[in-house]
1. Give me the dipole magnitude in Debye, nearest 20, for the range 102-216 about the Cα centre, with unit charges on the beta carbon: positive for Lys and Arg, negative for Asp and Glu.
2. Would you indicate which of (i) 16.5, 53; (ii) 16.7, 58; (iii) 16.6, 50 is the value of Rg and Dmax of the Cα atoms in Å derived from the coordinates of this structure?
3. Any idea what the dipole of the range 7-223 comes to, in debye rounded to 20, about its Cα centre with Lys/Arg Cβ at +1 and Asp/Glu Cβ at -1?
4. Give me the extension gain from Glu220 to Ser3: residue separation times 0.36 nm, minus the current Cα-Cα distance, reported in nm with one decimal.
5. Name the most mobile residue of Gly12, Gly29, Gly171, meaning the one with the largest mean-square fluctuation, in a Gaussian network model of the chain with Cα contacts below 10 Å.
6. Near the amide H of Leu9, under 5 Å away, which other amide H atoms are found, from residues 5 or more places off or on another chain, if H is placed in the peptide plane?
7. Where Lys and Arg each count +1 and Asp and Glu each count -1, what net charge lies around Ala22 among other residues with Cβ under 12 Å from its Cβ?
8. Can you give me the C-alpha center-to-center distance between the range 91-149 and the range 153-179, rounded to a whole angstrom?
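Taken together, the values in this text are just the output of simple stated rules run on the coordinates, not laboratory data. Here the structure is a predicted model, which means the values were calculated and not measured. FYI the Cβ positions are ideal-geometry reconstructions off the backbone, even for glycines, and counts take in every protein chain you see.
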Amino acid sequence: MTSDDPVFLITGASSGIGDATARAAARAGFRLVLGARSTERLAALAGELGGPDRAHAQRCDVTAWGDQEALATAARQRFGRLDVVFANAGFGAKRGFLEESPEQWRAMVLTNVLGVALTIRATLPALRESRGHYVLTGSVAGRRALPGSLYSATKWAVTSMGEGLRQEVDGTGIRVTLVEPGQVDTPFFDQRPTDALEPEDVARAVMFAVEQPPHVDVNELLVRPTAQSS
């Protein structure tokens, strides 16, 4: 491992898929820039993955443009480059348009949709320089509408954003991957599902796309548990 090792930025890095992907990327030789709102868990993860020389942890509310700018700036100031950006932060809601509160809906839409767009905006200049790679966390719910699910609508937006980004950066060398998990056993659920994917399963899918040769762009990865029928 050297000071020239590529740099991998992850939002929503403190738990679940973000945590698992950070660990997989560290094993693959990446230096890490880790963003999340949960600073205690984030700092502990960065310490496990090599400390300041290998992993930088910074609080980032993805709905706040200033936080996103600061995270992207920190990547370049600390490590001198940025190669992979994983826009992963997000959360869900109960199905039903009489469920949850309007405030919870607002927070979810801002995180799941605006948050991804702000991550792209904050990091695009750096990825143009490195001919880097975007990974966006979509969902199987972004491929088919779910009854009464505003969460599904947010993931449809991420699906569209991924394709729109791919078309915008066509010809620049930047790659774009939309990873679309089915049910994953993460803190996302109040009651943990059985026979679900583990976060490490999704992390392996992310790393599969990232580790392809530069001329190979894996645009979509739909990953379901074997037992999930739809």
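1. Computed charge dipole of the range 102-216: roughly 380 debye.
2. Recomputing Rg and Dmax of the Cα atoms in Å here gives the entry labelled (i).
3. 360 debye
4. 75.0 nm is the gain from fully extending Glu220 to Ser3.
5. Looking only at Gly12, Gly29, Gly171, the biggest GNM fluctuation is shown by Gly171.
6. Hits under the 5 Å cutoff: Val33, Asp83, Val84, Val85, Phe86.
7. Charge balance near Ala22 sits at +2.
8. Using only Cα atoms to place each centre, the spacing works out to 12 Å.
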